[in-house]
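Take a look at the structure below.
The values are calculated or read from the model by the stated rules, or taken from the named source; none is laboratory data. The shown structure was predicted, so the numbers you read here are calculated from the model rather than taken from an experiment. Note that we place each Cβ from the backbone using ideal geometry, even for glycine, and neighbour counts take in every protein chain shown. The area values use the complete protein model at the heavy-atom level, side chains included, leaving out ligands, DNA and RNA. Shrake-Rupley method; radii C 1.70, N 1.55, O 1.52, S 1.80 Å.
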Amino acid sequence: MRIAFCLFKYFPYGGMQRDALRIGRLLLARGHAVEFFTLDWQGERDPDLPVHLLPARGLSNHARYADFARALGDAARDFDGRVGFNKLPGLDVYYAADTCYLARMARRPFWHRLSGRYRAFVAAEKAVFDPAGQTQILAISAAEAARYQAAWHTPQQRFHLLPPGITRDRCAGPDAAQLRASLRAEFGIGDGDFLLLQIGSGFRMKGLDRSLRGLAALPADLRARCRLIAIGRDKPGPFLRLARRLGIGGALTILPGRDDIPRFLQGADLLLHPAYYENTGAVLIEAVVAGLPVLTTAACGYAEHVAASGCGRVLPEPFRQADLNTALERVLAGVERLAWRQAGIAYGRTQDLWHLHERAADAIQRVLG
């Protein structure tokens, strides 16, 4: 089959983008032709997966996305199927990496629902989830699938629930101690100091501001022993300024996305992920199998794995900064982290956390075949 993969933007360290590339390569290995259609592609290209950059006009993102959808209708007309990684009309399969926009906006003040942006995003979501539609949905979070069904009344049979799909290099291996020592030496972190880690593009939605406020609220002696490294794709300026205002500017390091994440998972003492809202949060499972304790929020779909593994704490919703501040101090001052590490490593040995991409490729073949 000749399959069109459709997404607005590709960049190397986005979770959804990495998933799209891995699924595309699996389908290619199974004898199908896969071609990408996008507005922008950053990073290297696979010569076996052609990339088509479609021009799109508009002064706003939602206007450009709508123009992209119109151009896509012509450009991918002769393909056997269209797989979307963003919400677009005319898809055969949608990979549901995004949260339910209709459900999320229902919690916002009414004036947010008066804009052209709101109407455009709701129309795109309706094109995928309308109960009268035909698009099949690859759901990567059972909780988010339930939100979509509650918001749109999409028939259950159109959802295909996938397992997580992290890579096995995230697991704690025999070189864990070596990775930890080299990482901490590189960043000048002593044996008695704490390295707090936050990983994920989109620092605002991932709650980096909450992490900074939690760090600033620690008792002075504990705070002086802490460093926070945030890794991801976003504008660092607002968070660097916030850290300075909170008096912890010297404790924060922001790095762009990178390939040596296993070193950080072993070198850190705690993963902070107090996200405002997240469909899944694969980094939570990556930390668990690495044996890195996690402090996160119940707003993340994969927070259930943190709770089930016993490798950390999940803060309830609605979020309160005081809860995070208290939990962070207790985690750093306590002795549970060793037991949490062992529990996380054991969880990774007994659960299927690896086959998302294979199951997604299977579902795409079934739907299009």
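Let me understand the range 1-45 better: what is its radius of gyration from the alpha carbons, and its Dmax, in angstrom?
Answer for the range 1-45, Rg first and Dmax second: 10.3, 28 Å.
Between residue 48 and residue 260, what length in nm is gained on full extension when 0.36 nm per residue of separation is reduced by their alpha carbon distance?
Full extension of this stretch gives 73.8 nm more.
Kindly report the accessible area of the range 59-108 per residue (heavy atoms of protein chains, probe 1.4 Å, no ligands, DNA or RNA), in Å². Mind dumping the intermediate values first?
Details: 2180 Å² over 50 residues.
That works out to 44 Å² for each residue.
Hey, what's the Cα Rg ratio for the range 3-139 versus the globular rule of thumb, 2.2 N^0.38 Å?
Dividing the Cα Rg of the range 3-139 by 2.2 N^0.38 Å gives 1.06.
Return the FRET efficiency for the residue pair residue 9, residue 80: r is the Cβ-Cβ distance, R0 is 35 Å, and the value is rounded to the nearest 0.05.
0.90
Highest mean first, how do 335-346, 262-273 rank when packing is the count of other Cβ atoms within 10 Å averaged over residues?
262-273, 335-346
Assuming R0 = 45 Å, can you tell me the calculated FRET efficiency for the pair residue 225 and residue 350, based on Cβ-Cβ distance, to the nearest 0.05?
Taking R0 as 45 Å, the efficiency between residue 225 and residue 350 is 0.85.
Can you send over the solvent-accessible area of residue 167, 1.4 Å probe, protein chains only, in Å² to the nearest 10?
50 Å²
The range 283-369: D in µm²/s via Stokes-Einstein (Kirkwood Rh, Cα pairs, 20 °C, 1.002 mPa s)? Provide the component values of the computation, followed by the final result.
Details: Rh = 14.3 Å.
My calculation gives 150 µm²/s for D.
Excluding same-chain residues fewer than 8 positions from residue 206, which aspartates and glutamates have a Cα within less than 14 Å of its Cα?
98, 234, 278
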